[in-house]
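The structure appears below as structure tokens.
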Amino acid sequence: MFELTFSDLQAVMLSAKVALASTVLALPLGFMAAYLLVFRTFRGKTLVEGVLNLPLVLPPVVVGYLLLLLLGERGPLGGLLKELGIRIVFTWWAAVIAAMVVGFPLMVRAIRIGMEDIDRQLIMASRTLGAPWHDVLCSIIAPLSVRSVIAGASLMFARSLGEFGATIVLAGNIPGVTQTIPLAIYDYTNTPGGDSMALSLCLVSVSISFAVLLFNETLARRFGRRTQR
């Protein structure tokens, strides 16, 4: 029952590649977004929070279509990229961008929860001693946010691994180019006799996701022990 074709292996490798790339690229942005929302006060903060969380409530297909309007050749950003000789739509980078946008709110939310648990007296004490904001960020906030950063990165990776709606609109379903595990499963479910192949890919997806969760728990416990010391 468990068998994978060369096209399936390509889908698995591409899914891992897209999930890893989207997580690595989104991590610094997610950390800074969470920092601004927790420790900074500015005009329009509520509006920024709403925009950041919008992909959580919008259907992924809608997100993908909006990205297509933005990054398509006739879009404002896509037209500029075209003049520079850069093409995003229907490439694997489109899948990365779709995964980043859809998974970004989960990453920010996880990191933000960890930052909100930091004792504010530590920050106030460091400020009283004359530490600049970047020193406080690097020496207090960042180390105490490690567990939440790991959790956010894990959620982002898992969400990117299973992204379907925005990906199929922005990147398409091109075998060997943009076809990820969910898209390959979708193809098999619409193919007579493809149930066993779809199940094989489902098992692969479950295995990878479970491995990511175990890795997350292991790292979180290890860093938790270090912070307690």
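Below, the figures for the structure above:
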| read-out | value |
| --- | --- |
| Test result for Phe157, surrounded by 13 or more Cβ atoms within 10 Å (Cβ to Cβ), over 17 Å from Leu36 (Cα atoms) and in contact (Cβ under 8 Å) with a residue 24 or more places away in the chain | yes |
| Selection within segment 67-106 - outside any loop (DSSP other than H, G, I, E, B) and more than 18 Å from the chain's Cα centre (by Cα) | Leu68, Leu69, Leu70, Leu71, Pro76, Leu77, Gly78, Gly79, Leu80, Leu81, Lys82, Glu83 |
| Residues that are under 15 Å from Val169 (Cβ atoms), surrounded by fewer than 18 Cβ atoms within 10 Å (Cβ to Cβ) and of a type in the set (A, V, I, L, M), drawn from segment 62-96 | Val62, Leu69, Leu70 |
| Enumeration of residues in segment 153-165 that are part of a helix (DSSP H, G or I) and of a type outside the set (Lys, Arg) | Ala153, Ser154, Leu155, Met156, Phe157, Ala158, Ser160, Leu161, Gly165 |
| Unique residue being in contact (Cβ under 8 Å) with a residue 40 or more places away in the chain, among the β-branched types (Val, Ile, Thr), part of a helix (DSSP H, G or I) and more than 30 Å from Leu9 (Cβ to Cβ) when the list is Ile141, Ile208, Ile150, Ile168 | Ile141 |
| Condition check for Arg109: assigned to a helix (DSSP H, G or I) and at pLDDT below 95 | yes |
| Check on Pro55, free of Cβ contacts under 8 Å to residues at least 60 places away in the same chain, crowded, with 16+ Cβ neighbours inside 10 Å and in a helix (DSSP H, G or I) | yes |
| Single residue of Arg109, Arg43 found to be out of contact with any Leu (no Cβ under 9 Å at 6 or more places or on another chain), basic (Lys, Arg) and either within 17 Å of Ser160 (Cα to Cα) or free of Cβ contacts under 8 Å to residues at least 24 places away in the same chain (or both) | Arg43 |
| Unique residue being in a helix (DSSP H, G or I), closer than 20 Å to Ala153 by Cβ and touching a helix residue (DSSP H, G or I) at 6+ places or on another chain (Cβ under 7 Å) when the list is Ala33, Ala11 | Ala33 |
| Odd one out for Val177 among (1) assigned to a helix (DSSP H, G or I); (2) in contact (Cβ under 8 Å) with a residue 60 or more places away in the chain | (1) |
| Of the criteria (1) under 16 Å from the mean Cα position of the chain (by Cα); (2) surrounded by 21 or more Cβ atoms within 10 Å (Cβ to Cβ), which one Val212 fails | (2) |
| Among residues of segment 185-205, those that are assigned to a helix (DSSP H, G or I), surrounded by 13 or more Cβ atoms within 10 Å (Cβ to Cβ) and either without any contact (Cβ under 8 Å) to a residue 12 or more places away in the chain or in contact with a Ser or Thr (Cβ under 7 Å, 6 or more places away or on another chain) (or both), counted | 1 |
| Residue satisfying all of: in segment 26-66; more than 19 Å from the chain's Cα centre (by Cα) and among the polar types (S, T, N, Q); modelled with the highest pLDDT among these | Thr46 |
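The values are calculated or read from the model by the stated rules, or taken from the named source; none is laboratory data. Nothing here was measured: the structure is a model prediction, and the numbers come from that model. Cβ atoms come from the backbone with ideal geometry, glycine included; neighbour counts cover every protein chain shown.
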